[in-house]
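K.L.:
Below is the structure I would like to discuss, written out as C-alpha coordinates.
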Amino acid sequence: MGLVKPTEKYSYQDYLGWEDRWELIDGIPYAMSPSPALGLGHQNTSGYIHTQLLQNLKNCQACHAVLATDWRIDDHTVVCPDNAVVCDLPDDAQFINRTPSIIFEVLSPSTKHRDRGVKFNLYQQQAVKYYVMVDPATGLAEIYHLVEGEYQMLTETLHKDTLTFDLDNGCQLDFDFSQI
(Lines give C-alpha, C1' and ligand atoms only; values in the text may rest on other atoms or scores of the structure.)
Protein backbone atom coordinates (compact mmCIF):
# COMPACT_ATOMS: atom_id res chain seq x y z
CA MET A 1 0.00 0.00 0.00
CA GLY A 2 1.47 3.30 -0.88
CA LEU A 3 1.14 6.93 -1.39
CA VAL A 4 -1.90 8.37 -3.14
CA LYS A 5 -0.84 11.30 -5.32
CA PRO A 6 -3.18 14.03 -4.11
CA THR A 7 -4.13 17.06 -6.10
CA GLU A 8 -4.75 18.99 -2.91
CA LYS A 9 -3.71 19.01 0.71
CA TYR A 10 -6.22 16.99 2.72
CA SER A 11 -7.42 17.85 6.21
CA TYR A 12 -8.62 16.06 9.31
CA GLN A 13 -12.24 16.67 8.20
CA ASP A 14 -11.52 14.88 4.90
CA TYR A 15 -9.83 12.06 6.81
CA LEU A 16 -12.91 11.51 8.99
CA GLY A 17 -14.98 10.66 5.90
CA TRP A 18 -12.62 8.10 4.38
CA GLU A 19 -13.33 4.38 4.36
CA ASP A 20 -10.65 1.80 5.11
CA ARG A 21 -7.55 2.65 7.15
CA TRP A 22 -5.47 5.71 6.33
CA GLU A 23 -2.88 8.00 7.83
CA LEU A 24 -2.56 11.65 6.89
CA ILE A 25 0.90 13.22 7.02
CA ASP A 26 1.28 16.87 6.05
CA GLY A 27 -1.97 16.64 4.09
CA ILE A 28 -0.85 13.58 2.11
CA PRO A 29 -2.92 10.38 2.57
CA TYR A 30 -1.15 7.06 3.05
CA ALA A 31 -3.05 3.78 2.84
CA MET A 32 -2.45 1.45 5.77
CA SER A 33 -2.14 -2.26 5.23
CA PRO A 34 -5.32 -4.14 6.06
CA SER A 35 -4.96 -6.52 9.02
CA PRO A 36 -5.07 -9.74 6.94
CA ALA A 37 -2.23 -8.46 4.76
CA LEU A 38 -0.06 -7.87 7.82
CA GLY A 39 -0.24 -11.47 8.94
CA LEU A 40 -0.26 -12.98 12.39
CA GLY A 41 3.38 -12.11 13.08
CA HIS A 42 2.63 -8.39 12.97
CA GLN A 43 -0.56 -8.66 15.02
CA ASN A 44 0.97 -11.01 17.61
CA THR A 45 4.04 -8.81 18.02
CA SER A 46 1.86 -5.74 18.52
CA GLY A 47 -0.23 -7.67 21.05
CA TYR A 48 2.86 -8.80 23.01
CA ILE A 49 4.10 -5.21 23.13
CA HIS A 50 0.73 -3.93 24.35
CA THR A 51 0.40 -6.66 27.00
CA GLN A 52 3.82 -5.84 28.41
CA LEU A 53 3.12 -2.09 28.39
CA LEU A 54 -0.15 -2.63 30.25
CA GLN A 55 1.55 -4.86 32.83
CA ASN A 56 4.48 -2.54 33.41
CA LEU A 57 2.35 0.61 33.65
CA LYS A 58 -0.36 -0.79 35.91
CA ASN A 59 0.96 1.12 38.94
CA CYS A 60 1.52 4.39 37.08
CA GLN A 61 -1.49 6.67 37.37
CA ALA A 62 -0.25 9.09 34.70
CA CYS A 63 0.82 6.81 31.84
CA HIS A 64 -1.41 4.93 29.41
CA ALA A 65 -0.56 2.08 27.05
CA VAL A 66 -2.34 2.90 23.81
CA LEU A 67 -2.93 0.32 21.08
CA ALA A 68 -3.41 1.48 17.46
CA THR A 69 -5.17 4.76 18.22
CA ASP A 70 -5.15 7.86 16.03
CA TRP A 71 -2.75 10.61 17.07
CA ARG A 72 -4.11 13.88 15.74
CA ILE A 73 -1.08 16.14 15.52
CA ASP A 74 -2.73 18.98 13.62
CA ASP A 75 -5.38 19.55 10.96
CA HIS A 76 -3.23 17.93 8.27
CA THR A 77 -1.49 15.13 10.16
CA VAL A 78 -3.09 12.06 11.76
CA VAL A 79 -1.09 8.88 12.32
CA CYS A 80 -1.91 5.60 14.04
CA PRO A 81 1.13 4.17 15.85
CA ASP A 82 0.94 0.43 16.51
CA ASN A 83 1.61 1.02 20.23
CA ALA A 84 2.35 4.10 22.29
CA VAL A 85 2.81 5.26 25.86
CA VAL A 86 1.07 8.56 26.47
CA CYS A 87 1.33 10.39 29.78
CA ASP A 88 -1.50 12.50 31.17
CA LEU A 89 -4.03 11.39 28.55
CA PRO A 90 -7.62 11.92 29.70
CA ASP A 91 -9.47 8.63 30.22
CA ASP A 92 -12.27 9.76 27.89
CA ALA A 93 -9.95 10.82 25.03
CA GLN A 94 -11.14 9.64 21.61
CA PHE A 95 -7.70 10.05 20.06
CA ILE A 96 -4.18 10.84 21.19
CA ASN A 97 -4.01 14.58 21.63
CA ARG A 98 -0.49 14.98 23.01
CA THR A 99 2.95 13.74 22.11
CA PRO A 100 3.58 10.15 23.24
CA SER A 101 6.66 9.37 25.36
CA ILE A 102 7.30 6.15 23.42
CA ILE A 103 6.06 4.88 20.07
CA PHE A 104 6.45 1.29 18.92
CA GLU A 105 5.97 0.58 15.21
CA VAL A 106 5.89 -3.05 14.08
CA LEU A 107 7.52 -3.17 10.67
CA SER A 108 5.76 -4.81 7.74
CA PRO A 109 6.95 -5.14 4.14
CA SER A 110 4.45 -2.55 2.93
CA THR A 111 5.08 0.10 5.62
CA LYS A 112 8.69 -0.30 6.76
CA HIS A 113 10.02 2.39 4.41
CA ARG A 114 7.44 4.86 5.73
CA ASP A 115 8.19 3.85 9.34
CA ARG A 116 11.94 4.34 8.77
CA GLY A 117 11.56 7.56 6.77
CA VAL A 118 8.47 9.74 6.95
CA LYS A 119 7.35 8.60 10.40
CA PHE A 120 10.89 8.62 11.81
CA ASN A 121 11.20 12.28 10.78
CA LEU A 122 7.68 13.14 11.94
CA TYR A 123 8.17 11.57 15.39
CA GLN A 124 11.52 13.31 15.74
CA GLN A 125 9.95 16.64 14.77
CA GLN A 126 7.10 16.10 17.26
CA ALA A 127 9.61 15.33 20.05
CA VAL A 128 8.59 11.73 20.75
CA LYS A 129 11.20 10.81 23.36
CA TYR A 130 11.68 7.18 22.23
CA TYR A 131 10.94 5.56 18.89
CA VAL A 132 11.13 1.76 18.71
CA MET A 133 10.86 -0.16 15.45
CA VAL A 134 10.29 -3.90 15.83
CA ASP A 135 10.78 -6.36 12.99
CA PRO A 136 8.59 -9.45 13.60
CA ALA A 137 10.46 -11.39 10.91
CA THR A 138 13.77 -11.17 12.81
CA GLY A 139 12.55 -10.40 16.33
CA LEU A 140 14.92 -7.44 16.49
CA ALA A 141 14.13 -3.95 17.73
CA GLU A 142 15.85 -0.65 16.94
CA ILE A 143 15.53 1.93 19.71
CA TYR A 144 16.03 5.64 19.13
CA HIS A 145 16.20 8.30 21.85
CA LEU A 146 15.60 11.99 21.21
CA VAL A 147 18.67 14.00 22.22
CA GLU A 148 18.75 17.75 21.58
CA GLY A 149 16.01 17.44 18.95
CA GLU A 150 17.52 14.54 16.99
CA TYR A 151 17.17 10.79 17.24
CA GLN A 152 20.21 8.83 18.26
CA MET A 153 20.29 5.06 18.28
CA LEU A 154 20.05 4.21 21.96
CA THR A 155 21.44 0.75 21.54
CA GLU A 156 22.14 -1.72 18.80
CA THR A 157 19.21 -3.86 17.79
CA LEU A 158 17.75 -5.85 20.67
CA HIS A 159 15.96 -9.15 20.84
CA LYS A 160 16.55 -10.47 24.35
CA ASP A 161 17.52 -7.64 26.67
CA THR A 162 15.53 -5.50 29.10
CA LEU A 163 15.75 -1.75 28.67
CA THR A 164 14.57 0.96 31.05
CA PHE A 165 12.79 3.94 29.48
CA ASP A 166 12.54 7.21 31.42
CA LEU A 167 9.08 8.61 30.67
CA ASP A 168 8.16 12.28 30.43
CA ASN A 169 6.47 12.46 33.83
CA GLY A 170 9.30 10.94 35.87
CA CYS A 171 8.05 7.34 35.69
CA GLN A 172 10.20 4.53 34.38
CA LEU A 173 9.24 1.60 32.20
CA ASP A 174 11.27 -1.62 32.14
CA PHE A 175 10.63 -3.36 28.82
CA ASP A 176 11.78 -6.94 28.22
CA PHE A 177 12.42 -7.37 24.51
CA SER A 178 12.68 -11.16 24.87
CA GLN A 179 8.90 -11.16 25.46
CA ILE A 180 8.14 -9.97 21.94
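K.L.:
Spot the failing condition for Met133; the list is (1) at pLDDT 95 or above; (2) open to solvent by 10 Å² or more (accessible area, probe 1.4 Å), and only one is missed.
P.N.:
Of everything listed in (1) at pLDDT 95 or above; (2) open to solvent by 10 Å² or more (accessible area, probe 1.4 Å), Met133 misses just condition (2).
K.L.:
Between residues in the stretch 112-141 that are without any contact (Cβ under 8 Å) to a residue 24 or more places away in the chain and residues that are assigned to a loop (DSSP other than H, G, I, E, B) and surrounded by fewer than 18 Cβ atoms within 10 Å (Cβ to Cβ), which pairs lie under 6 Å by C-beta distance while being six or more apart or on different chains?
P.N.:
Here the result reads Leu140/His159, each pair linking the stretch 112-141 to a residue that is assigned to a loop (DSSP other than H, G, I, E, B) and surrounded by fewer than 18 Cβ atoms within 10 Å (Cβ to Cβ).
K.L.:
How about the stretch 162-180: which of its residues are open to solvent by less than 50 Å² (accessible area, probe 1.4 Å) and more than 17 Å from the chain's Cα centre (by Cα)?
P.N.:
Filtering the stretch 162-180 for residues open to solvent by less than 50 Å² (accessible area, probe 1.4 Å) gives 163, 165, 167, 171, 173, 175-177, 180.
Those that are open to solvent by less than 50 Å² (accessible area, probe 1.4 Å) and more than 17 Å from the chain's Cα centre (by Cα): Leu163, Cys171, Asp176.
K.L.:
Right, another one. Out of the residues in the stretch 136-161 that are in a strand (DSSP E or B) and modelled with pLDDT under 90, state the one that is least open to solvent (accessible area, probe 1.4 Å). Reasoning before the result, please.
P.N.:
Filtering the stretch 136-161 down to residues in a strand (DSSP E or B) leaves 140-147, 150-158.
Then keep just the ones that are modelled with pLDDT under 90; that gives 140, 154-158.
Working: Leu140: 60, Leu154: 74, Thr155: 43, Glu156: 133, Thr157: 61, Leu158: 11 Å².
Of everything passing the filter in the stretch 136-161, Leu158 is least open to solvent (accessible area, probe 1.4 Å).
The values are calculated or read from the model by the stated rules, or taken from the named source; none is laboratory data. Remember, it's a predicted structure, so these values are computed and weren't measured experimentally. Virtual Cβ from ideal backbone geometry, glycine too; neighbours counted across all protein chains shown. What goes into the accessible areas is simple: the full protein's heavy atoms, side chains included, and nothing from ligands, DNA or RNA. Shrake-Rupley method; radii C 1.70, N 1.55, O 1.52, S 1.80 Å.
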